[in-house]
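Comments concern the structure below.
The values are calculated or read from the model by the stated rules, or taken from the named source; none is laboratory data. These numbers come from a predicted model, not from an experiment. When we count neighbours, we look across all protein chains shown, and the Cβ atoms used for this are built from the backbone with ideal geometry, even at glycine. Heads up: the accessible areas ignore ligands, DNA and RNA and are worked out on the full protein's heavy atoms, side chains in. Shrake-Rupley method; radii C 1.70, N 1.55, O 1.52, S 1.80 Å.
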Amino acid sequence: MDDLARFCCLNPACQDHGRRGANNLRVHSRCGARKQYRILQCRTCGARASERRGTPLFRSHLPEDKAVSLLEHLNEGCGVRQTGRLVRVHRDTVMRYGRLAGQHAHDAHEELVAFSPEDPRGAVR
């Protein structure tokens, strides 16, 4: 049985939108060259999405280990050209993944931190 508790429906019109662990998702099919990625379907609204949707690796053509290595090098402070040489990809690829990861980090920050609830004393955390 696949663990789907960390995923949620991405359809904004669905009543279960954004609810993780709601037991409303099922594996509809698989995709990728080796069928390695799951397509999830919401039982509530019927919407389908890849398990990689909403991540920097969505529609990635690099092997996962290479993409992760690229992002780790950037995280450690390596430059674009240096990262490209180390991972053996073009510098434009490094820039594209860096932008995708940066946008993903920004969106996660907005969701988790910027709109945090107020504490009981009335101050925003």
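Tell me whether the range 75-88 contains one or more residues that are hydroxyl-bearing (Ser, Thr, Tyr), farther than 24 Å from Leu112 by Cβ and touching a Ser or Thr at 6+ places or on another chain (Cβ under 8 Å).
Quick first cut of the range 75-88, residues hydroxyl-bearing (Ser, Thr, Tyr) only: 83.
Next cut, farther than 24 Å from Leu112 by Cβ only: 83.
Among the residues that remain, those that are also touching a Ser or Thr at 6+ places or on another chain (Cβ under 8 Å) are: none.
The answer is no; no qualifying residue exists.
Considering the range 41-66 alone, what residues qualify as being outside any loop (DSSP other than H, G, I, E, B) and either hydroxyl-bearing (Ser, Thr, Tyr) or under 23 Å from Ala105 (Cα atoms) (or both)?
Step one: list which residues in the range 41-66 are outside any loop (DSSP other than H, G, I, E, B), which gives 41-42, 48-50, 64-66.
Once the filter is applied, which keeps residues that are outside any loop (DSSP other than H, G, I, E, B) and either hydroxyl-bearing (Ser, Thr, Tyr) or under 23 Å from Ala105 (Cα atoms) (or both), the range 41-66 yields Ala49, Ser50, Glu64, Asp65, Lys66.
So, Gly84, is that one open to solvent by less than 80 Å² (accessible area, probe 1.4 Å), at pLDDT 90 or above and on the phi > 0 side of the Ramachandran plot or not? No; evaluated as a whole, the condition is false for this residue. Restricting the first member to the range 8-20 and to residues that are within 18 Å of Arg38 (Cα to Cα) and open to solvent by less than 100 Å² (accessible area, probe 1.4 Å), and the second to residues that are in a loop (DSSP other than H, G, I, E, B) and of a type in the set (Asp, Glu), the beta-carbon pairs closer than 9 Å and six or more apart or on different chains are Cys8/Asp16; Cys9/Asp16.
Conditions tested, residue by residue: (1) among the hydrophobic types (A, V, I, L, M, F, W, C); (2) modelled with pLDDT under 90; (3) open to solvent by 90 Å² or more (accessible area, probe 1.4 Å).
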{"position": "His28", "(1), (2), (3)": "no, no, no"}
{"position": "Thr55", "(1), (2), (3)": "no, yes, no"}
{"position": "Glu72", "(1), (2), (3)": "no, no, yes"}
{"position": "Gly79", "(1), (2), (3)": "no, no, no"}
{"position": "Leu112", "(1), (2), (3)": "yes, yes, yes"}
{"position": "Ser116", "(1), (2), (3)": "no, yes, no"}
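Residues that are in contact with an Asp or Glu (Cβ under 9 Å, 6 or more places away or on another chain) and among the polar types (S, T, N, Q): does the range 54-70 have at least one? Give the steps one after another, and end with the answer.
Step one: filter the range 54-70 for residues in contact with an Asp or Glu (Cβ under 9 Å, 6 or more places away or on another chain), giving 54, 57.
After this cut, where a residue has to be among the polar types (S, T, N, Q) as well, the list is none.
No, every residue in the range 54-70 fails to be in contact with an Asp or Glu (Cβ under 9 Å, 6 or more places away or on another chain) and among the polar types (S, T, N, Q).
Taking the conditions (1) at pLDDT below 90; (2) touching a strand residue (DSSP E or B) at 6+ places or on another chain (Cβ under 7 Å) in turn, Pro63 satisfies each one other than (2).
Residues are listed down the side, and each one gets a yes or a no for (1) open to solvent by 50 Å² or more (accessible area, probe 1.4 Å); (2) without any contact (Cβ under 8 Å) to a residue 24 or more places away in the chain; (3) β-branched (Val, Ile, Thr):
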{"residue": "Asn24", "(1), (2), (3)": "no, yes, no"}
{"residue": "Arg52", "(1), (2), (3)": "no, yes, no"}
{"residue": "Ala67", "(1), (2), (3)": "no, no, no"}
{"residue": "Arg99", "(1), (2), (3)": "yes, yes, no"}
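Ala108 meets each of the listed conditions (1) at pLDDT below 90; (2) open to solvent by 60 Å² or more (accessible area, probe 1.4 Å); (3) aliphatic (A, V, I, L, M) apart from (2). Tell me whether the range 63-74 contains one or more residues that are out of contact with any Gly (no Cβ under 8 Å at 6 or more places or on another chain) and among the β-branched types (Val, Ile, Thr). Taking every residue of the range 63-74 in turn, at least one turns out to be out of contact with any Gly (no Cβ under 8 Å at 6 or more places or on another chain) and among the β-branched types (Val, Ile, Thr).
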